[in-house]
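Chemist: My structure is below; once you've seen it, I'll send some questions.
The values are calculated or read from the model by the stated rules, or taken from the named source; none is laboratory data. What you see is a predicted model; the values in this text were computed from it and never measured. Here Cβ is always computed from backbone atoms with ideal geometry, including for glycine, and neighbour counts include all displayed protein chains.
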Amino acid sequence: MSVLDDKVKSSVKKDLSNLKNNVKLILFSQEIECPSCKDASSLAEEVAALTDKISVEKYDFVLNKAQTEHYKIDKIPAIAVVGVKDFGIRFYGVPGGFEFSSFIDAIKLVSSGDSGLAQKTKEELSKITKSVLIKIFVTLTCPYCSSAVKLANRFAIENDLVLSEMVVATEFPHLTHKYNVFSVPKVVINETVEFEGALPEEKFLEQILKA
């Protein structure tokens, strides 16, 4: 059964009609002990079918260790959105609901390679010399979460040392417990800086620099 209805497909097809560079949706899953892997796979395939600019690669999380380690995948289902290079954008869990817009936005970002961030933000990000891991815990019914994810993805586009991970909280209960996720979006940067809510660009940047 299709994950996306015809109306959504038509809208997304139009939205993706002007992609600049090719995009690969690299899916990591396994057949057992991953109830949402099938939905993640279907979603990636249905989106890819809407334009010849998008392709899907699939890997088994356990059997394809080289690829798993290369893309730094540590849970499933996972989708790495990759363009002319790996910009460091990951989706853990099925990016449905409000996060579907984040997923489509990530595809367009990776295709263009342009973060669209303010010049001052770009200058500050260029000074980063150490790896930055941004985890954004979301729920698919949260209308504010996608703003945080989209912004984190833009930071990843701008600096290769930044890795942005959207994590669907309900699909990874052990992580919601570990990081005390009581409200979303919950952002964790380098395991040291945490905050809740969708901050504006300059405030989010401050948290990254603090970490």
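Chemist: Considering (1) in contact with a Lys or Arg (Cβ under 7 Å, 6 or more places away or on another chain); (2) under 18 Å from Val149 (Cα atoms); (3) not aromatic (Phe, Trp, Tyr), say which one Gly88 fails and leave the rest.
Modeler: That leaves (1) as the condition not met.
Chemist: Please determine whether any residue of region 92-103 is part of a loop (DSSP other than H, G, I, E, B), in contact with a Phe, Trp or Tyr (Cβ under 8 Å, 6 or more places away or on another chain) and within 27 Å of Asp114 (Cβ to Cβ).
Modeler: Yes, there is a match, as at least one residue in region 92-103 is part of a loop (DSSP other than H, G, I, E, B), in contact with a Phe, Trp or Tyr (Cβ under 8 Å, 6 or more places away or on another chain) and within 27 Å of Asp114 (Cβ to Cβ).
Chemist: Let me ask you something else. Being of a type outside the set (S, T, N, Q) and assigned to a loop (DSSP other than H, G, I, E, B) is the filter here; which residues of region 185-196 pass it? If you could, list the steps in order and put the result at the bottom.
Modeler: Quick first cut of region 185-196, residues of a type outside the set (S, T, N, Q) only: 185-189, 191, 193-196.
Across region 185-196, the qualifying residues are Pro185, Glu191.
Chemist: Does Leu199 fit the bill of being modelled with pLDDT of 95 or more, more than 28 Å from Glu33 (Cβ to Cβ), part of a loop (DSSP other than H, G, I, E, B) and touching a helix residue (DSSP H, G or I) at 6+ places or on another chain (Cβ under 9 Å)? Spell out how you get there, then give the answer.
Modeler: Numbers: modelled with pLDDT of 95 or more: yes; more than 28 Å from Glu33 (Cβ to Cβ): yes; part of a loop (DSSP other than H, G, I, E, B): yes; touching a helix residue (DSSP H, G or I) at 6+ places or on another chain (Cβ under 9 Å): yes.
Considered against the rule, which asks whether it is modelled with pLDDT of 95 or more, more than 28 Å from Glu33 (Cβ to Cβ), part of a loop (DSSP other than H, G, I, E, B) and touching a helix residue (DSSP H, G or I) at 6+ places or on another chain (Cβ under 9 Å), Leu199 comes out as yes.
Chemist: Just one of (1) under 18 Å from Gly88 (Cα atoms); (2) surrounded by 21 or more Cβ atoms within 10 Å (Cβ to Cβ); (3) charged (D, E, K, R); (4) over 14 Å from the mean Cα position of the chain (by Cα) trips up Arg154, so point out which.
Modeler: In the conditions (1) under 18 Å from Gly88 (Cα atoms); (2) surrounded by 21 or more Cβ atoms within 10 Å (Cβ to Cβ); (3) charged (D, E, K, R); (4) over 14 Å from the mean Cα position of the chain (by Cα), Arg154 misses (4) alone.
Chemist: On to the next question. Checking the condition of a type in the set (A, V, I, L, M, F, W, C), crowded, with 20+ Cβ neighbours inside 10 Å and over 15 Å from the mean Cα position of the chain (by Cα), which residue from Leu109, Leu125 passes?
Modeler: Values: Leu109 fails: over 15 Å from the mean Cα position of the chain (by Cα).
Selected residue: Leu125, the only one of Leu109, Leu125 that is of a type in the set (A, V, I, L, M, F, W, C), crowded, with 20+ Cβ neighbours inside 10 Å and over 15 Å from the mean Cα position of the chain (by Cα).
Chemist: If Glu31 satisfies every condition in (1) modelled with pLDDT of 95 or more; (2) within 25 Å of His174 (Cα to Cα) but one, which is the exception?
Modeler: For Glu31, the exception is condition (1).
Chemist: Which count do you get for residues in region 124-172 that are out of contact with any strand residue (DSSP E or B) (no Cβ under 8 Å at 6 or more places or on another chain) and either assigned to a helix (DSSP H, G or I) or of a type in the set (Asp, Glu) (or both)?
Modeler: Applying the first criterion (out of contact with any strand residue (DSSP E or B) (no Cβ under 8 Å at 6 or more places or on another chain)) to region 124-172 yields 124, 126-127, 129-130, 141-144, 147, 150-151, 154, 158, 160, 170.
If we keep only those that are either assigned to a helix (DSSP H, G or I) or of a type in the set (Asp, Glu) (or both) too, we end up with 124, 147, 150-151, 154, 158, 160, 170.
So the answer is 8.
Chemist: Just the residues that are surrounded by fewer than 21 Cβ atoms within 10 Å (Cβ to Cβ) and either modelled with pLDDT under 95 or not acidic (Asp, Glu) (or both), please, taken from region 96-106. Don't jump to the end; show me each part of the working.
Modeler: Within region 96-106, the subset surrounded by fewer than 21 Cβ atoms within 10 Å (Cβ to Cβ) is 96-98, 100-101, 104-105.
Within region 96-106, Gly96, Gly97, Phe98, Phe100, Ser101, Ile104 meet the criteria.
Chemist: Continuing with the same structure: I'm checking my understanding of the structure. Among residues of region 112-122 that are surrounded by fewer than 16 Cβ atoms within 10 Å (Cβ to Cβ) and part of a loop (DSSP other than H, G, I, E, B), which one is farthest from the chain's Cα centre (by Cα)?
Modeler: Ala118
Chemist: Take the residues in region 52-79 that are in contact with a strand residue (DSSP E or B) (Cβ under 7 Å, 6 or more places away or on another chain) and among the aliphatic types (A, V, I, L, M), then tell me which one is farthest from Val12 (Cα to Cα).
Modeler: Ile73
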